[in-house]
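Student: Take this structure first; my questions come after.
The values are calculated or read from the model by the stated rules, or taken from the named source; none is laboratory data. All figures in this text were calculated on a predicted structure; none of them were measured in a lab. Note that we place each Cβ from the backbone using ideal geometry, even for glycine, and neighbour counts take in every protein chain shown.
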Amino acid sequence: MDRNLFRELEAKLPDMTRAQKLVADFITKKPMNAVFFTIDQLAHASGASTATVVRLALFMGYGGYADFQRELQDCLQKMMAPSHRLEERFQDLGKNDLLSEVFMVQMKGLEETFANLNHDNLRKAVDLIQRGRRVYVVGSRSCFSVAHYLGYNLARITGKCRFLNPSEGLLGEELNQITDEDVVICFTLPRYITTVVRAAKIAASRGAHIIAITDGYRSPLASYSEVLLRIAYRSYDFHNTVMPAFLIAEILISLITAENPLSTKTNLAEVETILADLDTHVNVK
């Protein structure tokens, strides 16, 4: 059986010193922060000393903090895997009203996302999108649908947006066209998608303005973003929910439409003419 260091920390709390308990408590309550902190950062955040952090690592059976931290990172990676998250949820199935539980989890995520929405960051994101020569949107796996949705609607209302699909095989060619006049909107959630993070890094190196829609400042996108919009992502079972991400997409679409009603109307009308020529929609009689 794989070792679960977080559970071991909780189980051994009674045998720890008061200072060690401070560190262990911080690790178990804020694992995403703790596993990437340096020893000094972990000591400061938990209110203990660096010596206490080392002693905790030794107490847990490791040769030092580096080995202890590596085990924490490995453990967290396994805990974030969909199979593990589903296994955890299986234990609760049948105990509660499943439909109500799913609904409440989704509502909580939407409420948390809205409560954490930084209006200054949102305003800056809208300004960047409006001023950008071109706007690119990129997302993959669980974030593919919401990235495509935002890109599709921004293209309809601004006429200058393109969705970057990593699976098309043209991501390199697309990134090669990006300049410091462009904006790139990136979506990713734990477990973060390497292609999306690297696309953000490359675009940032070319001077593009990066808008990150992700779970927080611990996300690898934070290092490259000019604007970061935080979203919740926990679902009832194993997957990352994208409903809060869709909320942010809807807000961006509505704000940009409201500030550019005439150009939006013109773009939509011109597209409708072309769609009619293409006989795109079913003519319901």
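Student: Mind checking which residues of segment 61-111 are at pLDDT 80 or above and more than 26 Å from the chain's Cα centre (by Cα)?
Tutor: Correct list: Gly61, Tyr62, Gly63, Gly64, Tyr65, Ala66, Asp67, Phe68.
Student: So which of Ile202, Ile178 ends up being in a helix (DSSP H, G or I) and either more than 22 Å from Thr113 (Cα to Cα) or among the charged types (D, E, K, R) (or both)?
Tutor: Every option except Ile202 fails the conditions.
Student: What is the one condition in (1) of a type in the set (Val, Ile, Thr); (2) outside any strand (DSSP E or B); (3) closer than 26 Å to Phe37 by Cβ that Ile210 does not satisfy?
Tutor: (2)
Student: For the condition small (Gly, Ala, Ser), at pLDDT 85 or above and surrounded by fewer than 16 Cβ atoms within 10 Å (Cβ to Cβ), what is the one hit in Ala276, Ala203?
Tutor: Ala276
Student: Next question. With the requirement that a residue be modelled with pLDDT of 90 or more, part of a loop (DSSP other than H, G, I, E, B) and polar (S, T, N, Q), what does segment 1-44 give you?
Tutor: Scanning segment 1-44 gives a single hit, Thr17.
Student: Taking Lys265, is it without any contact (Cβ under 8 Å) to a residue 60 or more places away in the chain, surrounded by 13 or more Cβ atoms within 10 Å (Cβ to Cβ), in the same structural domain as His119 (by TED's automatic domain parsing) and outside any strand (DSSP E or B)?
Tutor: Values: without any contact (Cβ under 8 Å) to a residue 60 or more places away in the chain: yes; surrounded by 13 or more Cβ atoms within 10 Å (Cβ to Cβ): no; in the same structural domain as His119 (by TED's automatic domain parsing): yes; outside any strand (DSSP E or B): yes.
Taking the combined requirement at face value, the residue does not satisfy it.
Student: Can you find a residue that is touching a helix residue (DSSP H, G or I) at 6+ places or on another chain (Cβ under 9 Å) and closer than 25 Å to Pro190 by Cα anywhere in segment 48-62?
Tutor: no
Student: Also, I was wondering about something else. Considering only residues of segment 1-39 that are aromatic (Phe, Trp, Tyr) and without any contact (Cβ under 8 Å) to a residue 40 or more places away in the chain, which is farthest from Gly216 (Cα to Cα)?
Tutor: Phe26
Student: What tally of residues in segment 117-138 results from selecting those that are within 16 Å of Tyr152 (Cα to Cα), touching a strand residue (DSSP E or B) at 6+ places or on another chain (Cβ under 8 Å) and assigned to a helix (DSSP H, G or I)?
Tutor: 1
Student: Here's another thing I want to ask about it. Could you tell me which residue of segment 158-175 is surrounded by the most Cβ atoms within 10 Å (Cβ to Cβ), considering only residues that are modelled with pLDDT under 90, part of a loop (DSSP other than H, G, I, E, B) and on the phi < 0 side of the Ramachandran plot?
Tutor: Filtering first and then ranking leaves Asn165.
Student: So, one more: Collect the residues in segment 213-236 that are part of a helix (DSSP H, G or I), touching a residue at least 24 places away in the same chain (Cβ under 8 Å) and either closer than 18 Å to His119 by Cβ or hydrophobic (A, V, I, L, M, F, W, C) (or both), keeping them in residue-number order.
Tutor: Leu221
Student: Restricting to segment 37-52, name every residue that is over 15 Å from Gln73 (Cβ atoms) and not polar (S, T, N, Q).
Tutor: Pass one, segment 37-52, residues over 15 Å from Gln73 (Cβ atoms): 40, 43-52.
Within segment 37-52, Asp40, Ala43, His44, Ala45, Gly47, Ala48, Ala51 qualify.
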